[in-house]
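The values are calculated or read from the model by the stated rules, or taken from the named source; none is laboratory data. What you see is a predicted model, and the numbers here were worked out from it, not measured in a lab. Heads up, the Cβs are rebuilt from the backbone with ideal geometry, glycines too, and the neighbour counts pull from every protein chain shown.
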Amino acid sequence: QLDQIIIHQQVELLEAILGTETSSKYEIKNHLGQRVYFAVEENGCFDRKLCSPIRAFTMRIADNAGREVIRVIRPLRCNSCCFPCFLQEV
């Protein structure tokens with residue numbers, strides 16, 4: 001039973017040294033600190049640089065055997081008060 005999760009982002013050395021943002025990777029752990037899932041954000045360098053907070057991405061969540069269990073897709077959307085119908089969605 002998984003009643004609590006802890007999400008820990010893995011920081012890339014290049015990201016820490018240069019301050020550039022790379023594709024995010026996460027460990028999803030249970031309350032004992034054991035990794036139960038691993039998540040990887042997939043997107044392009046262009047999206048990360050120009051659209052950082054509103055960027056499009058696909059997040060793939062896999063179990064410890066590497067089998068994908070969840071896929072989250074967020075398309076690029078306009079984040080403007082002029083276009084409230086185009087706010088972020090996942």
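With respect to (1) at pLDDT 90 or above; (2) surrounded by fewer than 10 Cβ atoms within 10 Å (Cβ to Cβ); (3) outside any loop (DSSP other than H, G, I, E, B), the lone exception for Leu32 is condition (3). Can you pull out the residues in segment 71-83 that are in contact with a strand residue (DSSP E or B) (Cβ under 7 Å, 6 or more places away or on another chain) and either modelled with pLDDT under 80 or surrounded by 12 or more Cβ atoms within 10 Å (Cβ to Cβ) (or both)? Scanning segment 71-83 gives Val72, Ile73, Arg74. Would you point out the residue of segment 6-27, among those that are hydrophobic (A, V, I, L, M, F, W, C) and out of contact with any Lys or Arg (no Cβ under 7 Å at 6 or more places or on another chain), that is modelled with the highest pLDDT? Checked segment 6-27; the qualifying residue modelled with the highest pLDDT is Ile7.
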